[in-house]
1. Could you provide, to the nearest whole Å², the per residue accessible area of the chain with probe 1.4 Å?
2. Once fully extended, how much extra length lies between S59 and E19, figured as 0.36 nm per residue of separation less the alpha-carbon to alpha-carbon distance?
3. ³J(HN,Hα) across the range 120-129 via Karplus (A = 6.51, B = -1.76, C = 1.60, θ = phi - 60°), whole Hz, x for Gly/Pro?
4. Assuming a ≥ b ≥ c are the square roots of the Cα gyration tensor eigenvalues, decide whether the chain counts as rounded (a/c under 1.5), prolate (otherwise, with a/b larger than b/c) or oblate.
5. Where does the chain land at 222 nm, in deg cm²/dmol rounded to the nearest 500, when only DSSP H runs of n ≥ 4 count, each adding -39500 (n - 2.57), divided by all residues?
6. What is the calculated FRET efficiency for T135 to E93, with r their C-beta to C-beta distance and R₀ = 41 Å, to the nearest 0.05?
7. Considering the dipole of the chain built from charges on the beta carbon (Lys and Arg +1, Asp and Glu -1) around the Cα centre, which of A117, M87, H38 is farthest to its positive end?
8. Report the local net charge at D46: Lys and Arg +1, Asp and Glu -1, summed over other residues whose C-beta lies under 11 Å from its C-beta.
Amino acid sequence: MAATQSLLSDGTERQRLCERLKALTSASPRQWGKMTPHQMLCHLNDSYAAMMDGRPLGSRANLFNRTLVRWIAIHSGMQWPKGVKTMPAVDQEQGGTPPVAFEIDRAALLASIEQFAAKTDRDLHAHPIFGPLTTWEWQRWGWLHADHHLRQFGL
């Protein structure tokens, strides 16, 4: 995988990402953090959905996050750090969608990925940390976020 080029809108990269999601099981061992594989499916689905439907997430956007942190996270090619606290609205132990049925939640996530991949910056709400993003940045963020959590489970 090209670390600086993978986008959710690239059909080949999206298919590879979805194949990795299909390899996830409820027993996949986590490499870090406390999220379960099932919680991760719901977390990613909540994250994509919130950007598409504008549900309130709160904001951590400030000049530092909208500039330097955004560039490092989206443009630099560095892997995202482990252990960064997520927004409570997409944390399954706080305000996020509780896991129900693994296969149903996985199917919902795969559908959200397809929907998100077709979106442009005009279709999406501001990111709670990075602020408004370009279409390219959104599609990069969408891929990076899923990749980060798949690596969390060795995928």
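1. Numbers: 7690 Å² over 155 residues.
Per-residue value: 50 Å².
2. Working: separation 40, 0.36 × 40 = 14.40 nm, distance 3.20 nm.
Working it through step by step, the gained length comes to 11.2 nm.
3. Couplings: 10, 4, 5, 8, 10, 8, 4, 5, x, 10 Hz.
4. Working: a/c = 1.36, a/b = 1.24, b/c = 1.10.
Rounded is the answer for the chain, as its axis ratio a/c remains below 1.5.
5. Working: 4 runs with 64 residues, N = 155.
Result for the chain: -13500 deg cm²/dmol, rounded to the nearest 500.
6. Once the sixth-power term is evaluated, E becomes 0.80.
7. Most positive-ward Cα: M87.
8. Working: positive: R55; negative: D53, D91, D105.
After counting each charged neighbour, the total is -2.
The values are calculated or read from the model by the stated rules, or taken from the named source; none is laboratory data. All values derive from a computational prediction rather than experimental measurement. Please note: Cβ atoms are built from the backbone with ideal geometry, for glycine as well, and neighbour counts cover all protein chains shown. With ligands, DNA and RNA removed, areas are computed over all heavy atoms of the protein, side chains included. Shrake-Rupley method; radii C 1.70, N 1.55, O 1.52, S 1.80 Å.
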